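> Supplied in structure tokens, the structure appears directly below.
The values are calculated or read from the model by the stated rules, or taken from the named source; none is laboratory data. On a predicted model such as this, the values are computed, not experimentally measured, just so you know. Because the Cβ atoms are built from the backbone with ideal geometry, glycine has one as well, and the counts that use them run over all protein chains shown. Each accessible area value is taken on the protein alone, full model and side chains, heavy atoms only, with ligands, DNA and RNA left out. Shrake-Rupley method; radii C 1.70, N 1.55, O 1.52, S 1.80 Å.
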Amino acid sequence: MKILMDRRSFLMGAVASAGAAALAGIASGRTLAAEESGPFTLPALPYPYDALEPHIDARTMEIHHSKHHAAYVTNLNAAVRGTPMERMTIEQIMRRGAENLPAAVRNNGGGHINHAFFWNIMSPNGGGEPGGELRKAIEKTYGSFAQFREKFEREAKGRFGSGWAWLAVKRGRLECYSTPNQDNPWMQGIEPILGLDVWEHAYYLKYQNRRADYISAWWNVVDWGKVEQLFYRAVYGQR
Ligand code: MN3
């Protein structure tokens, strides 16, 4: 218990500071420009484009971030201009729920928050397996980490067309599922702690049609420390 508490206080400290910035510095002023004036900005990647090589290649990262993500930001800014959403955070907008959002906000707002989240749960020092309370929760829910990984991969491979696979926390419990297009757990009032982009643009240059190979390689760049922080925030953090 003492170890748990120490770990908790440590993590809560980290979470408090990472807190608002945990979603990949969505609100940070750092921007690569390009996007038109508006409340939302393209967050800088937390590592260089080639940092995730060989698992995710530099060219894919560059286009994915500087073209795809940038376009979601530009289009989101255009979609919220002159509406009350101009003064909301992207998370607040998403929490209105997919069915309550104009299509342009649902798609581009989802594209913005999903990618900001995605960059932040990967790292050149990633890979391995989770520990601590998250590992216990995974083992309790799925039997073992290996069984969780199989379930997550089934969701990622089974998503027809474009979408995402997620591990999320709903009322303290883990949920693993996929969403179409740029829909996401925030739209359902659920906290994502891990997410994988399975749109073809995320892997086609290196893997072409081999989505399964991309998924296998991607585990090598998952930042489990970050995922554990998000898990603690979802379970213990106040909303
Ligand atoms: Mn993408």
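> Right, Glu150: farther than 24 Å from Val227 by Cα, in a helix (DSSP H, G or I) and among the charged types (D, E, K, R) or not?
On the way: farther than 24 Å from Val227 by Cα: no; in a helix (DSSP H, G or I): yes; among the charged types (D, E, K, R): yes.
Here the answer is no, as Glu150 does not meet what is asked.
Conditions (1) under 20 Å from Leu52 (Cβ atoms); (2) not assigned by TED's automatic domain parsing to the domain that holds Leu196, marked per residue:
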{"site": "Asn100", "(1), (2)": "no, yes"}
{"site": "Arg106", "(1), (2)": "no, yes"}
{"site": "Gly127", "(1), (2)": "yes, yes"}
{"site": "Glu150", "(1), (2)": "no, no"}
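> Now for a separate question. Check the stretch 105-125 and report whether any residue there is away from the ligand (no atom under 16 Å from the Cβ) and within 17 Å of Leu42 (Cα to Cα).
From the stretch 105-125, those away from the ligand (no atom under 16 Å from the Cβ) are 105, 123-125; that's our starting set.
Then drop every residue that is not within 17 Å of Leu42 (Cα to Cα), which leaves 105.
The answer is yes, given that some residue of the stretch 105-125 is away from the ligand (no atom under 16 Å from the Cβ) and within 17 Å of Leu42 (Cα to Cα).
> In the stretch 191-239, which residues are within 16 Å of the ligand (Cβ to nearest atom), among the acidic types (Asp, Glu) and open to solvent by 20 Å² or more (accessible area, probe 1.4 Å)?
The answer is Glu200, and nothing else.
> When the stretch 185-239 is examined, which residues are found to be touching a residue at least 60 places away in the same chain (Cβ under 8 Å), more than 26 Å from Gly131 (Cβ to Cβ) and of a type outside the set (Phe, Trp, Tyr)?
Once the filter is applied, which keeps residues that are touching a residue at least 60 places away in the same chain (Cβ under 8 Å), more than 26 Å from Gly131 (Cβ to Cβ) and of a type outside the set (Phe, Trp, Tyr), the stretch 185-239 yields Met187, Gln188, Gly189, His201, Ala202, Leu205, Lys206.
> Within the stretch 60-112, how many residues turn out to be open to solvent by less than 20 Å² (accessible area, probe 1.4 Å) and assigned to a helix (DSSP H, G or I)?
The qualifying residues number 20.
> Sort out which residues of the stretch 160-182 are surrounded by 20 or more Cβ atoms within 10 Å (Cβ to Cβ) and within 16 Å of the ligand (Cβ to nearest atom), and write them in order of number.
Gly163, Trp164, Ala165, Trp166, Ser178, Thr179, Gln182
> So, one more: Go through the stretch 56-89 and give me each residue that's away from the ligand (no atom under 16 Å from the Cβ) and either of a type outside the set (Gly, Ala, Ser) or in contact (Cβ under 8 Å) with a residue 60 or more places away in the chain (or both).
Answer for the stretch 56-89, where residues must be away from the ligand (no atom under 16 Å from the Cβ) and either of a type outside the set (Gly, Ala, Ser) or in contact (Cβ under 8 Å) with a residue 60 or more places away in the chain (or both): Asn77, Val80, Arg81, Thr83, Pro84, Met85, Glu86, Arg87, Met88, Thr89.
> A further question follows. Going residue by residue through the stretch 135-146, is there one that turns out to be more than 20 Å from Gly189 (Cα to Cα), within 16 Å of the ligand (Cβ to nearest atom) and open to solvent by less than 30 Å² (accessible area, probe 1.4 Å)?
Within the stretch 135-146, none of the residues are more than 20 Å from Gly189 (Cα to Cα), within 16 Å of the ligand (Cβ to nearest atom) and open to solvent by less than 30 Å² (accessible area, probe 1.4 Å).
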